[in-house]
Amino acid sequence: MEQTVAEKVCTIRAKVADLVGNNRYRTWFGGATDFQLEGEQLDVTVANAFIGSWITANYMPHLIEATRDVIGAEPHVRVRVGEDGNGHVPYAAPVQADQRACCVPTEPRATSTLRQTSQPRTRAKLRGQLDTFVVGPSNELAYSVTAAVSHAPGEAFKHLILHGGCGLGKTHLLQGLCNALSRTHPELAWCYLSGEEFTNEFIYAVKAGRIDRFRARFRNVDVLVIDDIHFLANKKATQGEFLHTFNAIDASGKTVVLSSDRHPRSIATLSEPLINRLIAAMVIQIDPPNLATRQEILRRRAAKMSCKLPDEVLDYVARHIVRNVRELEGALYKLVALASLTKERINLDLARRTVEDYVSNVQPPEATEIERIVATHFGVTREALRSSSRDRAVTHARGFAMYLIRKHTRLSSPEIGRLLGKRKHSTVLMASQRIQKLIDQDGVVTWKTPSGMCEVPARKLLEDIEQRLLRRRDTS
């Protein structure tokens with residue numbers, strides 16, 4: 001018996017879930033996503049442009065395959081953005097030439113508030129591309145939002161800040177955004193530069209009496225993209241000028257996208273007005289890639305180099321180079337170069353020799369890692385560490401966190417204080433001195449746990465926590 005339309009839709013949904021995996025299906029197709037089938041046309045109606053852009057970019061082939069299997073013909077699939085309660089239709093990605101891979105609104109799109117220009121601009125092409133970015137659990141949200149901004153600058157997400165350690169892909173995403181804007185919105189003006197370049201140009205403009213020209217350049221763009229905004233720390237005049245620039249762009253309905261090596265609140269020498277402006281944006285952290293993502297990065301880079309990498313070599317390198325993508329790529333380049341120079345085949349022994357420089361030194365932990373591990377060790381939450389609680393377990397944990405962050409990271413005392421509940425730098429210094437004194441005098445740390453009182457020598461406690469830091473590598 002032939003299936004009804006409703007049954008076909010249910011079957012398509014089930015096939016899509018099988019193809020993309022149940023977790024991804026629940027995330028992107030569950031809830032408010034509606035499937036409607038009419039003949040060979042499948043309409044997937046989503047709640048907003050962000051979800052629509054993501055489905056179009058990542059799951060369109062799965063939708064086409066599932067629908068083809070059910071209806072027995074080549075389907076036409078559209079991803080549509082539905083109306084909200086006020087009848088307003090959010091922006092969706094522009095219609096593609098192939099109507100099977102499009103994301104369109106259910107009504108005509110309203111005129112953009114972004115400035116239009118009569119002729120497309122010719123710009124130098126930046127290195128990063130969104131379609132070459134390897135997406136994993138540590139960076140999926142950052143990639144998704146960046147892609148959404150590239151489709152609908154000023155509408156999908158007004159302002160965006162990506163933060164995380166060095167070599168995790170922030171610059172790649174920012175450059176990929178600019179390249180995508182050149183393709184999808186050639187009529188828009190964007191500007192990409194580093195925080196250092198912004199600072200240097202501001203200083204030059206002040207000295208040369210060209211501040212009006214400087215402001216006209218940066219305040220009249222549709223999308224301002226600045227990499228490494230933390231460079232503005234300790235530069236009060238530049239921070240003030242950037243704040244006015246940000247406000248001017250925001251007032252005109254345009255977009256600012258930034259990157260930083262840490263959360264804005266952890267950059268201790270940023271002014272409070274600037275911090276408040278930054279945290280009002282969409283702030284997203286990028287974490288170090290997990291094992292599967294590192295393996296995929298190596299696989300793609302090796303393919304680009306026309307290098308055949310045995311599975312056991314790929315797995316070995318991915319398991320031992322864990323901190324960031326730059327080190328991972330560096331290890332691969334070194335491995336290929338060594339094989340070429342020695343005329344050896346790439347094997348596990350050569351891989352061991354190649355990465356020994358990387359694995360011989362323990363990778364320093366991030367401040368947030370230390371905070372998390374110390375909180376877990378004392379049986380308290382990270383929120384408690386940042387609170388005003390004077391509970392003994394929380395106080396000890398906070399002190400050890402401050403001590404270890406000072407020891408293992410390059411954060412200053414004011415930055416540590418800001419991270420742990422906006423405390424003064426003198427509080428960090430006194431807490432660190434207190435912990436050091438306990439260790440030097442072989443003191444004992446006592447606190448209450450759900451199972452009773454816990455009493456541990458301070459030196460032993462420190463060793464235990466640092467051992468957990470050493471074992472933090474992802475081998476899953």
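A compact table of results
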| read-out | value |
| --- | --- |
| Hey, Gln3 polar (S, T, N, Q), part of a loop (DSSP other than H, G, I, E, B) and either loosely packed, with under 13 Cβ neighbours inside 10 Å or touching a Ser or Thr at 6+ places or on another chain (Cβ under 9 Å) (or both) or not | yes |
| Residues of the range 289-348 classified as surrounded by fewer than 16 Cβ atoms within 10 Å (Cβ to Cβ), among the basic types (Lys, Arg) and not in a helix (DSSP H, G or I), total | 3 |
| Pairs with Cβ under 6 Å, 6+ apart, first in the range 383-395 and small (Gly, Ala, Ser), second part of a loop (DSSP other than H, G, I, E, B) | Ala393/Val380 |
| Any hit, the range 365-374, residues being touching a Lys or Arg at 6+ places or on another chain (Cβ under 9 Å), farther than 22 Å from Arg262 by Cα and outside the structural domain of Ile321 (by TED's automatic domain parsing) | no |
| Failed item, numbered, when Ser138 is tested on (1) without any contact (Cβ under 8 Å) to a residue 24 or more places away in the chain; (2) among the polar types (S, T, N, Q); (3) part of a loop (DSSP other than H, G, I, E, B) | (1) |
| Complete set of residues in the range 244-288 that are in a helix (DSSP H, G or I) and among the acidic types (Asp, Glu) | Asp250, Glu272 |
| Residue that is surrounded by the fewest Cβ atoms within 10 Å (Cβ to Cβ), among those in the range 428-451 that are in contact (Cβ under 8 Å) with a residue 24 or more places away in the chain and farther than 18 Å from Gly379 by Cα | Gln436 |
| Check on Ile405, closer than 22 Å to Arg468 by Cα, free of Cβ contacts under 8 Å to residues at least 60 places away in the same chain, of a type in the set (Val, Ile, Thr) and outside the structural domain of Asn234 (by TED's automatic domain parsing) | yes |
| Some residue of the range 266-277 being buried (at least 19 other Cβ atoms within 10 Å of the Cβ) and touching a Gly at 6+ places or on another chain (Cβ under 6 Å) | no |
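The values are calculated or read from the model by the stated rules, or taken from the named source; none is laboratory data. This one's a predicted model, so the numbers in the text were calculated from it and none came from an experiment. All Cβ positions, glycine included, derive from the backbone under ideal geometry; neighbour counts span all protein chains shown.
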